[in-house]
Amino acid sequence: MGGTPCPTLLLVISMAAGDSLSTTLHLLHRASQRADGLFMRRLLNGEMTPRQFAVLDAVASKDGLSQTDIMNAAGIDRSSVAELVKRLVKNGCLQRRRTRRDARVYSVRITATGRKLLAVATPAARRVEEELLSRFSRQERETFLEVLSAMATNAGNG
């Protein structure tokens with residue numbers, strides 16, 4: 001991640017230094033709210049949340065994941081994953097069965113219904129991402145995503 005920081009990123013950092021409504025936490029929260037709102041409006045009229053999408057996407061990438069595996073893949077806390085999986089099972093998007101090796105652990109698989117929903121949701125999610133980043137240059141996007149990824153990856157390290 002070398003080179004000169006992009007002007008937009010510098011502006012956000014400088015704003016965060018002085019204005020309480022522009023702190024890093026507040027700006028990240030507002031950006032998250034905007035992203036979630038766009039996702040909900042663009043995706044099946046709010047029939048799927050971004051976190052449900054993350055769970056379906058994780059399970060679709062490797063059937064038979066445990067809920068702990070889903071938690072790690074999607075970056076969602078344990079109790080939320082349990083509730084999301086429960087809801088997606090109820091909606092017919094996932095199947096959940098106890099494993100033979102350990103009856104305390106569930107193996108989660110995506111259903112045909114879940115795959116159909118994901119097939120519609122994935123292009124819509126890409127359009128939302130494009131809309132969110134449309135005002136930034138290619139270099140600004142790359143820098144922003146590198147910084148955001150570093151923040152998300154290090155979230156549990158301090």
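The values are calculated or read from the model by the stated rules, or taken from the named source; none is laboratory data. Everything quoted here is computed from the prediction, not taken from an experiment. Glycine also receives a Cβ, built like all others from the backbone with ideal geometry; neighbour counts cover every protein chain displayed.
Scan segment 102-115 and give yes if some residue there is exposed (fewer than 12 other Cβ atoms within 10 Å of the Cβ), modelled with pLDDT under 95 and of a type in the set (Lys, Arg), otherwise no. Yes: segment 102-115 contains one or more residues that are exposed (fewer than 12 other Cβ atoms within 10 Å of the Cβ), modelled with pLDDT under 95 and of a type in the set (Lys, Arg). Of everything listed in (1) modelled with pLDDT of 90 or more; (2) touching a Ser or Thr at 6+ places or on another chain (Cβ under 7 Å); (3) buried (at least 16 other Cβ atoms within 10 Å of the Cβ), the single unmet condition for MET71 is (2).
Checking VAL147, VAL128, VAL85, VAL81 one by one, the residue that is touching a residue at least 24 places away in the same chain (Cβ under 8 Å), more than 19 Å from THR49 (Cβ to Cβ) and in a helix (DSSP H, G or I) is VAL147 and no other. Among all residues of segment 88-108, there is at least one that is assigned to a helix (DSSP H, G or I), closer than 28 Å to ALA31 by Cβ and either among the hydrophobic types (A, V, I, L, M, F, W, C) or in contact with a strand residue (DSSP E or B) (Cβ under 9 Å, 6 or more places away or on another chain) (or both).
Does at least one position in segment 140-155 carry a residue that is surrounded by 17 or more Cβ atoms within 10 Å (Cβ to Cβ) and among the hydroxyl-bearing types (Ser, Thr, Tyr)? Among the residues of segment 140-155, at least one is surrounded by 17 or more Cβ atoms within 10 Å (Cβ to Cβ) and among the hydroxyl-bearing types (Ser, Thr, Tyr), which makes the answer yes. Taking the criterion of being buried (at least 16 other Cβ atoms within 10 Å of the Cβ) and under 15 Å from the mean Cα position of the chain (by Cα), the residues of segment 51-68 that qualify are ARG51, GLN52, PHE53, ALA54, VAL55, LEU56, ASP57, ALA58, VAL59, ALA60.
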